[in-house]
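Participant: Pasting a structure below so you can have a look.
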Amino acid sequence: VVDTETAKIIASSRYDVPRTKTISDLIATSEVTASGSVEQDKDGRTVQRSSPVVAMPPGVTRDELLFSPKGCRNTGSKIVCTFGVTNKAAATHRVWFTTDATFLVDDLGSQYRVTFTFGPSSSSGGATDLLPDIPINLVVEAQNVPDNARVMHASLSYGLQDSTGPYAAPQWGKVMIRALPISRP
């Protein structure tokens, strides 16, 4: 159980289900592609199966920044992944992202260079001041992703600096967010 406001894990549990014939049959009948499929059931009737629901991964906190995945969508010509970035520190921080170390990887194993928009800036050189507890969207885009890719993994590289005091060298960081489901229009 994860708190949706803070991404803090509240509780967890695990249970191993024995793989009986019934469980194997349920697994076999529930396997579908990300775009859904038309299949025949055991009696030969045509059945429309919808896309499986893939849970959005929880947010990740690094260096007093909360990265909250909002999802990825296939727009036809590119994949667009959106994240909320929230400063969890008490002071304002300046943040920027770098395209040289930020990338996406699909579930087929292909890695993509990206472009992105963060706050009011739209390049790797643009910095944005993050006020405490006010999220700003980070939009990451990748071109030429195959239609059969169902999930994206994101590696986000950033610079972070306290913008309230005298100039200080930036702190560099990286966060990995795995298993972002790709929605289709």
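Participant: Failed condition for residue 72, given (1) surrounded by fewer than 21 Cβ atoms within 10 Å (Cβ to Cβ); (2) over 17 Å from residue 173 (Cβ atoms), with all others met?
Facilitator: Exception for residue 72: condition (1).
Residues are listed down the side, and each one gets a yes or a no for (1) in contact with a Leu (Cβ under 8 Å, 6 or more places away or on another chain); (2) aromatic (Phe, Trp, Tyr):
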position	(1), (2)
83	yes, yes
86	yes, no
96	no, yes
101	no, no
107	no, no
113	no, no
118	yes, yes
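Participant: Let me ask another. In region 159-180, which residues are open to solvent by less than 20 Å² (accessible area, probe 1.4 Å) and either part of a loop (DSSP other than H, G, I, E, B) or farther than 12 Å from residue 93 by Cα (or both)?
Facilitator: 173, 175, 177, 180
Participant: Can I ask one more? Restricting attention to region 146-158, does a residue exist that is assigned to a strand (DSSP E or B), open to solvent by 40 Å² or more (accessible area, probe 1.4 Å) and free of Cβ contacts under 8 Å to residues at least 24 places away in the same chain? So that I can check it myself, show each step before the final result.
Facilitator: Of the residues in region 146-158, the ones assigned to a strand (DSSP E or B) are 151-158.
Retained after the next criterion (residues that are open to solvent by 40 Å² or more (accessible area, probe 1.4 Å)): 153.
Going one step further and asking which of them are free of Cβ contacts under 8 Å to residues at least 24 places away in the same chain, we end up with none.
No, region 146-158 has no match at all.
Participant: Now, a different point. With respect to residue 130, is the statement that it is of a type in the set (A, V, I, L, M), in contact with a His (Cβ under 6 Å, 6 or more places away or on another chain), within 17 Å of residue 157 (Cα to Cα) and in contact (Cβ under 8 Å) with a residue 60 or more places away in the chain true?
Facilitator: On the way: of a type in the set (A, V, I, L, M): yes; in contact with a His (Cβ under 6 Å, 6 or more places away or on another chain): yes; within 17 Å of residue 157 (Cα to Cα): yes; in contact (Cβ under 8 Å) with a residue 60 or more places away in the chain: yes.
Criteria met by residue 130.
Participant: Is there a residue in region 77-94 that is open to solvent by less than 100 Å² (accessible area, probe 1.4 Å), assigned to a strand (DSSP E or B), modelled with pLDDT under 60 and aliphatic (A, V, I, L, M)?
Facilitator: no
Participant: On to the next question. How many residues, within region 122-145, are at pLDDT 90 or above and open to solvent by less than 50 Å² (accessible area, probe 1.4 Å)? Quick ask: steps written out before the conclusion?
Facilitator: Let us first name the residues in region 122-145 that are at pLDDT 90 or above, namely 130-145.
Going one step further and asking which of them are open to solvent by less than 50 Å² (accessible area, probe 1.4 Å), we end up with 130, 132, 136, 138-142, 145.
Within region 122-145, residues that are at pLDDT 90 or above and open to solvent by less than 50 Å² (accessible area, probe 1.4 Å) number 9.
The values are calculated or read from the model by the stated rules, or taken from the named source; none is laboratory data. As the structure is a computational prediction, the values presented were derived from the model and not from experiment. All Cβ positions, even for glycine, are placed from backbone atoms using ideal geometry, and neighbour counts span all protein chains on display. The area values use the complete protein model at the heavy-atom level, side chains included, leaving out ligands, DNA and RNA. Shrake-Rupley method; radii C 1.70, N 1.55, O 1.52, S 1.80 Å.
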